[in-house]
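Each value in this text was obtained by applying a stated rule to the coordinates, not by laboratory testing. Please read these numbers as outputs of a predicted model, since none were measured by experiment. No Cβ is skipped: glycine too gets one built from the backbone with ideal geometry, and neighbour counts run over all protein chains shown.
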Amino acid sequence: MHTTTPSPTEYRKLPGVDALLRRPEVIRWSAEYGPEQVTAAIRALLEADRQAIGQGAAAPSENALIDQLAEHLQRENRPSLRPVINATGVIIHTNLGRAPLSAAAHQAIQTAATGYNNLEYDIDAGARGSRYGHARQLLRELTGAEDGLVVNNNAGAVFLVLSALCSPQEVVISRGELVEIGGGFRIPDVLRQSGAKLVEVGTTNRTHARDFAEALCGDTAAFMRVHASNFQQIGFVTKPSLAELVQIVRDSWWNDRVLVIDDLGSGTLLDTAPYGLSPEPTVQQSVAAGADVVTFSGDKLLGGPQAGLIVGKAESIEQIRRHPLTRALRVDKLTLAGLEATLQSYRRGKAVEEIPVWQMIAATPERLRGRAERWRGVLARAGLPVEVVPGQSTIGGGSLPGETLPTHLLALTVPRPDEYAARLRQANPPIVGRIQQERLLFDPRTVLPEEDERLLSTLCAGSELR
Ligand SMILES: *Cc1c(COP(=O)(O)O)cnc(C)c1O
């Protein structure tokens, strides 16, 4: 690289801190961000420029410095957790915050956040109430269960259920279901941590009802079933149905105290089959099959906030509610507000229209093609090499592995797609798509309609993004 000896005059061209502090923009920023932060930022920028001059660079103009300062302050003050445009086509993207919430859930959270409420207050009695009363009736109605309880997340729910109902006795589980959910959450480890004793039966690919029957004894606390959320077993595989497990317990000596626990993971309230997906077991089915306790997530196919939902027999749920760990895993008011609003969409029969996860699942290929074509038109007019190609979206979030939904993708052909994708991640908001065969692909299914204009303007400016 060509360098020149720094000239003392270059250093003198740098504006002083005081001069910059007198600029009207800087006075405004001082009021907004605090004078200490602004002064520190100015000093840091000037120091960097001095170093650059030492390397032979020219001094920036005062206006250029002001621009740098604006960018610096904006970067320093933006929240760590911020919006991202999900153009990956993965609907429940765990890295991107799982389920976006419905407008009703968003509104309910805002209302709960900005004032006081009856979180633990019985309004009729004018006395202390329970936070666990709030979603209870909705959960009963929607799942058919006798009772329901909400905790922080489903991993917590599983741990709590095992701790409260099974420890230190035995839990019988198929070897095919000793799975890792992700993020290091492994069913055998959770079982051990809870204090329950793990009794593995069957084999990786085949477990029969009789394997469970033979393991049942006076030390058994429960039969547990874990839904294979994030992988598929195909070929020579079999496992007993939930109803069969319930029947084995009913026919046994210990039918008054051995439980059947079903961890559904995603746990949908709606049938997935009408959307061309294979049927994901519904919560209602598990309850109807006679499971004592069913656990599922609030932010997977339910499409609500992060939560662990526990429904089942009144006696079991009450025992869980009284366990000290329930307090450690308690759900906060914002979650309860968002969850209740989400569940109300189901009760009104409006889940598919109102809940983003279901809107995305239900979006037809024709509609998606229409959106992708509109994107293509705008971007082609801006001179970008784009086309619309058929593709596949996925559910994600450990739901319906291997299942895809047909979609139409916007494909952008650029010389170095990795670098281009990196620039798009630096945009505000960042855009995350996927790269396939040297092309950048954007799936309209997971881009919220109100994000379209932002996506398009960012892509148009893409080549200049820094
Ligand atoms: C996702 C999942 C969990 C964990 O649920 P979180 O809500 O993410 O804590 C537990 N069990 C199964 C089967 C899952 O799919």
- Taking the highest mean first, how do the peptides 16-24, 379-387 order by number of other beta carbon atoms within 10 angstrom per residue? 379-387, 16-24
- What ³J(HN,Hα) values, in whole Hz, does the Karplus curve 6.51 cos²θ - 1.76 cosθ + 1.60 give for region 176-192 when θ = phi - 60°, with x put for Gly and Pro? x, 10, 7, 9, 9, 7, x, x, x, 8, 10, 4, x, 5, 5, 4, 5
- Message: Charges at C-beta only: +1 for Lys and Arg, -1 for Asp and Glu. How large is the resulting dipole of the chain about its Cα centre, in Debye rounded to 20?
- Response: 620 debye
- Item | region 443-458 - phi-based ³J(HN,Hα) in whole Hz, Karplus 6.51/-1.76/1.60, Gly and Pro as x | 9, x, 4, 9, 8, 5, x, 6, 8, 3, 5, 5, 4, 5, 5, 5
- Item | Zero-based 10 Å bins, Cα pair distances in the chain, whole percents | 4, 17, 22, 20, 17, 11, 6, 3, 1, 0
- Task: Please arrange Y33, Y116 by counting, for each residue, the other beta carbons lying within 10 Å of its beta carbon, fewest first.
- Result: Y116, Y33
- Message: Per-residue counts of other Cβ atoms within 10 Å, averaged by peptide: what ranking do you get for 424-434, 407-417, 56-66, highest first?
- Response: 407-417, 424-434, 56-66
- Using only alpha carbon pairs under 8 Å that are at least six residues apart, calculate the relative contact order of the chain and give it in whole percent. 19 percent
- Among L142, S399, L379, pick out the residue whose Cα is farthest towards the positive end of the charge dipole of the chain, where Lys and Arg carry +1 and Asp and Glu carry -1 on C-beta, about the Cα centre. L379
- For region 355-360, just list the computed ³J(HN,Hα) in residue order, Karplus coefficients 6.51, -1.76 and 1.60, θ = phi - 60°, integers in Hz, with x standing in for Gly and Pro. 9, x, 4, 7, 4, 5
- Item | lysines whose Cα lies under 29 Å from that of K239, excluding same-chain neighbours fewer than 8 positions away | K197, K300, K313
- Task: Have a look at the DSSP beta bridges in the chain and tell me what percent are antiparallel, nearest 5.
- Result: 55 percent
- q = 0.10 Å⁻¹: log10 I(q)/I(0) that the Debye formula gives for region 189-322, counting C-alpha atoms only: -0.35
- Message: Show me the ranking of peptides 389-397, 220-228 by mean Cβ neighbours inside 10 Å, starting with the highest.
- Response: 220-228, 389-397
